[in-house]
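Scroll down for the structure; my scribbles are underneath it.
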Amino acid sequence: MAFSLIEAIYQSIGEKEAQKAQSNITQFAQPSSLNCDSLRFIATKSFYSKFSKWLKDLNIQMHETQINDKKFNLFDLYTPQAPKIAFKCKITDKVTLITYYSSISFKKARQAKRTLNNFIFIELHGLAQYNPQSKIPIKLTNPIIRILKYIFKYCDNLKERKTLNLLSFDIALDYHDNEPITKEYAINKAAYLEHIPADFKTYQESIYIQTDKKHNAPNINSNLQKIIIYSKTTKNALSYPLNRFELRFLIND
């Protein structure tokens, strides 16, 4: 049976949270493609140690990297004061694995009365990308599928004692539209956007729909935190028109 990332997500978060996410996704017009582009987890030290050793068996090595605060905030959903050191690996040209500690992971460790490095964030980005000449999303490689299967084997948000917890995921709805990114265009794709309790903010030709300007703004509804709409044609120098609606869902820890 072929691996389905979205089904793995829904299974790990449980039926209630899955239905909340689906109730937002189904409000949109049928996209050309629907995929998950990013995942964010928090893991225990014991899981990360085992995971790191397993990655080495795949010849995947995490490298220490310096990341400035401005760039890091693109990855770090939870921490305005980003750490200066993270560990990163480009699994493919498009897919990045990144791990890091933050004030949130430290706080969680203190609350659990554990050492400060007892929890660590694990993120995967770039899972739903395109080559410039192809309108079909790039298929996940075998190593990426193996990594995802390994992670979701241990990820179960419904367990009381968790070694790995899914905190958020981004669902990408892609449309082959040659249309400018505007509020009217967004509402045309999903009429309910006209009535949600959120603001439409334009920044660098993208639209951000969220309850306030903060990167960790309160949710719009249920588990939908924000929607970002942008042209992947412009962002990724594609040879064809493609607009993306990126829905970010937060799952209670």
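What is the sum of charges around A217, taking Lys and Arg as +1, Asp and Glu as -1, for the other residues whose C-beta is under 13 Å from the C-beta of A217?
+3
Taking +1 at the Cβ of each Lys and Arg and -1 at the Cβ of each Asp and Glu, which of F87, S49, Y185 sits farthest along the dipole of the chain towards its positive end, judged by Cα position relative to the Cα centre?
Of the listed residues, the answer is S49.
Run through every distinct alpha carbon pair of the stretch 185-253 and return the Kirkwood hydrodynamic radius in angstroms, one decimal place.
Evaluated on the stretch 185-253, it is 12.9 Å.
Let me have the relative contact order for the chain, percent, based on Cα pairs under 8 Å that are six or more residues apart.
Computed over the chain, the figure is 23 percent.
What pairs in K45/K135; K53/K235; K88/K189; K50/K94; K162/K214; K107/K213 have C-alpha atoms more than 32 Å from each other?
In this structure, K45/K135; K53/K235; K88/K189 lie more than 32 Å apart at Cα.
Where does each of 57-65, 209-217 land if you order them by average Cβ count within 10 Å, highest first?
Result, highest mean first: 209-217, 57-65.
Would you work out the Kirkwood radius for the stretch 92-221? I mean one over the mean of 1/r across all pairs of different Cα atoms, in Å.
Roughly 18.4 Å, rounded to one decimal.
How do 138-144, 242-248 rank on mean C-beta neighbours within 10 Å, highest first?
With the highest mean Cβ count within 10 Å placed first, the list reads 242-248, 138-144.
Work out, step by step, the length gained on full extension between Q22 and N188: first 0.36 nm times the residue separation, then minus their alpha carbon distance; give nm to one decimal.
Full-extension gain reported as 57.9 nm.
What ³J(HN,Hα) values, in whole Hz, does the Karplus curve 6.51 cos²θ - 1.76 cosθ + 1.60 give for the stretch 200-211 when θ = phi - 60°, with x put for Gly and Pro?
Couplings: 9, 10, 9, 8, 6, 6, 10, 10, 10, 10, 7, 6 Hz.
Rounded to the nearest 20 debye, what is the charge dipole size of the chain about its Cα centre when +1 sits on each Lys and Arg Cβ and -1 on each Asp and Glu Cβ?
With only Lys, Arg, Asp and Glu charged at Cβ, the dipole is about 1160 debye.
I'd like to check one number: the per residue accessible area of the chain, probe 1.4 Å, reported in Å² as a whole number.
Here the residues of the chain average 53 Å² of exposed surface.
Can you give the FRET efficiency to the nearest 0.05 for S32 and T234, using r as the Cβ-Cβ distance and R₀ = 25 Å?
E between S32 and T234, to the nearest 0.05, is 0.90.
For the chain, with all protein chains present and a 1.4 Å probe, just round the carbon and sulfur fraction of the accessible area to a whole percent.
Of all accessible area on the chain, carbon and sulfur atoms account for 49 percent.
Sorted by packing (mean other beta-carbon atoms within 10 Å per residue), highest first, where do 123-129, 106-112, 3-9 land?
Answer by packing, highest mean first, reads 123-129, 3-9, 106-112.
The values are calculated or read from the model by the stated rules, or taken from the named source; none is laboratory data. Values in this document were obtained by computation on a predicted structure and should not be read as measured data. Cβ: placed from backbone, ideal geometry, glycine included. Neighbour counts: every protein chain shown. With ligands, DNA and RNA removed, areas are computed over all heavy atoms of the protein, side chains included. Shrake-Rupley method; radii C 1.70, N 1.55, O 1.52, S 1.80 Å.
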